[in-house]
Amino acid sequence: MIRVVVTGVSGRMGGHILRGAREEGFQLTGATERPGFAAGLDAGTAAGLPPLGVPVSADLRQALRGGADVVIDFTSFEASAAHAELCAAERVALVVGSTGFTKEARARVEAAARQVPVVLSPNMSVGVNVLFELVRQAAAVLGDAYDVELVEMHHRKKKDAPSGTAMRLAEVAAEALGRDPAKDLAFARHGIIGERPPREIGVQTLRGGDVVGEHTVYFVGEGERLELTHRATSRDQFARGALRAARWVAGRAPGLYDMADVLGLRRS
Ligand SMILES: NC(=O)C1=CN([C@@H]2O[C@H](COP(=O)(O)OP(=O)(O)OC[C@H]3O[C@@H](n4cnc5c(N)ncnc54)[C@H](OP(=O)(O)O)[C@@H]3O)[C@@H](O)[C@H]2O)C=CC1
Ligand SMILES: O=C(O)C1=N[C@H](C(=O)O)C[C@H](O)C1
């Protein structure tokens, strides 16, 4: 039985992961929430589920005392960077779903992945990981004759923009078209903007209500338009993907992996 510690259990993803872990036969050995949260509360109760017999800790080091094969972490980029360093020190595998990483925070996760295996992915759903491949293929075949535009929509409480998934989709398209994400992504348009630069990849963000997560990539040509859309209607698919990643990464060699590795989609 795989022993798992889940961080941020009272968050939107936390409850879905705890429920999935119980249904899929993981052994929950620890749980955390941000310092200041009611430490000692049952993890299930904290997540709005029936009690699970595991208390919430205010820090991951304490939560790992019960032993763990893997930590599943959907918190924030800052918390995930600190969690990665602790997992490296404690030699525990890690699955990170947090998004919005700064270069510095990502470098901390990469450094941790030299000590322990880490799966880091902005979207753990199978559907979105297939979308990454479809976008790669479409961009490679359609080429420069088609303008690439991307729109993402999420709930009003989401903190980072554009979504991690949108950023990855734009990077995948840019790579297939030989463009530079640092120069060619356009995140806003306003005023007299002039003609669209041909190399531009537009990335636009919508926020509102309780939208779980929607991404559309447009390839707009002369006389035709291809639209590739993924709509998440529940957080369960993200949680199922994270648990699949946890099963895959526990006991693996140190390294930074993503869902393409977990799902066997990695291109050589
Ligand atoms: N990869 C994927 O498939 C998906 C990724 N995400 C990403 O996952 C992250 C979390 O999303 P979501 O669940 O919606 O966000 P929430 O804010 O609902 O949940 C995050 C939880 O983590 C807690 N937290 C923050 N810092 C710490 C800490 N140091 N230790 C323990 N707990 C902490 C937060 O507490 P507090 O509220 O007090 O800050 C909160 O309860 C986001 O970055 C989001 O973009 C989301 C869905 C799918
Ligand atoms: O914050 C969210 O909710 C989500 N975040 C991820 C992202 O930023 O791509 C994945 C998913 O779309 C939900």
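Is it the case, given these coordinates, that Tyr218 is of a type in the set (Ser, Thr, Tyr), touching a strand residue (DSSP E or B) at 6+ places or on another chain (Cβ under 9 Å) and assigned by the TED database to the domain that holds Val95? Reasoning before the result, please.
Details: of a type in the set (Ser, Thr, Tyr): yes; touching a strand residue (DSSP E or B) at 6+ places or on another chain (Cβ under 9 Å): yes; assigned by the TED database to the domain that holds Val95: no.
The answer is no for Tyr218.
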>> Condition first: more than 15 Å from Pro122 (Cα to Cα) and of a type in the set (S, T, N, Q). Can you find one or more residues in the range 232-250 that meet it?
In response: yes
>> From the list Glu175, Glu171, exactly one residue is closer than 23 Å to Val262 by Cα, in contact with a Pro (Cβ under 7 Å, 6 or more places away or on another chain), modelled with pLDDT of 95 or more and surrounded by fewer than 17 Cβ atoms within 10 Å (Cβ to Cβ). Which is it?
In response: Glu171
>> Just to verify a result, which residue in the range 1-25, among those that are more than 24 Å from Asp210 (Cα to Cα) and either over 21 Å from the mean Cα position of the chain (by Cα) or of a type in the set (D, E, K, R) (or both), is surrounded by the most Cβ atoms within 10 Å (Cβ to Cβ)?
In response: Ile2
>> Exactly one of these conditions fails for Thr216: (1) outside any helix (DSSP H, G or I); (2) away from ligand 2 (no atom under 14 Å from the Cβ). Give me its number.
In response: (2)
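Kindly indicate whether Arg136 is at pLDDT 95 or above and closer than 13 Å to Ser76 by Cα. Write out each step before concluding.
On the way: at pLDDT 95 or above: yes; closer than 13 Å to Ser76 by Cα: no.
No.
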> How do the strands (runs of 3 or more DSSP E) wholly within the range 1-80 filter down when requiring 3 or more residues that are in contact (Cβ under 8 Å) with a residue 60 or more places away in the chain: which remain?
Replying inline: 3-7, 70-73
>> Restricting to the range 146-189, name every residue that is within 15 Å of Glu200 (Cα to Cα) and touching a Phe, Trp or Tyr at 6+ places or on another chain (Cβ under 9 Å).
In response: Tyr146, Asp147, Val148, Glu149, Leu150, Val151, Leu169, Val172, Ala173
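Residue-wise test of (1) within 11 Å of ligand 1 (Cβ to nearest atom); (2) over 15 Å from Asp73 (Cα atoms); (3) in the same structural domain as Ile17 (by the TED database); (4) charged (D, E, K, R).
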{"position": "Leu228", "(1), (2), (3), (4)": "no, yes, no, no"}
{"position": "Ala239", "(1), (2), (3), (4)": "yes, no, yes, no"}
{"position": "Leu243", "(1), (2), (3), (4)": "no, no, yes, no"}
{"position": "Ala246", "(1), (2), (3), (4)": "no, no, yes, no"}
{"position": "Gly251", "(1), (2), (3), (4)": "no, yes, yes, no"}
{"position": "Pro254", "(1), (2), (3), (4)": "no, yes, yes, no"}
{"position": "Asp258", "(1), (2), (3), (4)": "yes, no, yes, yes"}
> Name the residues in the range 85-136 that are within 14 Å of ligand 2 (Cβ to nearest atom), polar (S, T, N, Q) and closer than 20 Å to Leu60 by Cα, would you?
Replying inline: Ser98, Thr99
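The values are calculated or read from the model by the stated rules, or taken from the named source; none is laboratory data. Treat the numbers as computed from the prediction; the structure is a model and nothing was measured. Don't worry about glycine lacking a Cβ; one is built from the backbone with ideal geometry, like all the others, and counts go over all protein chains shown.
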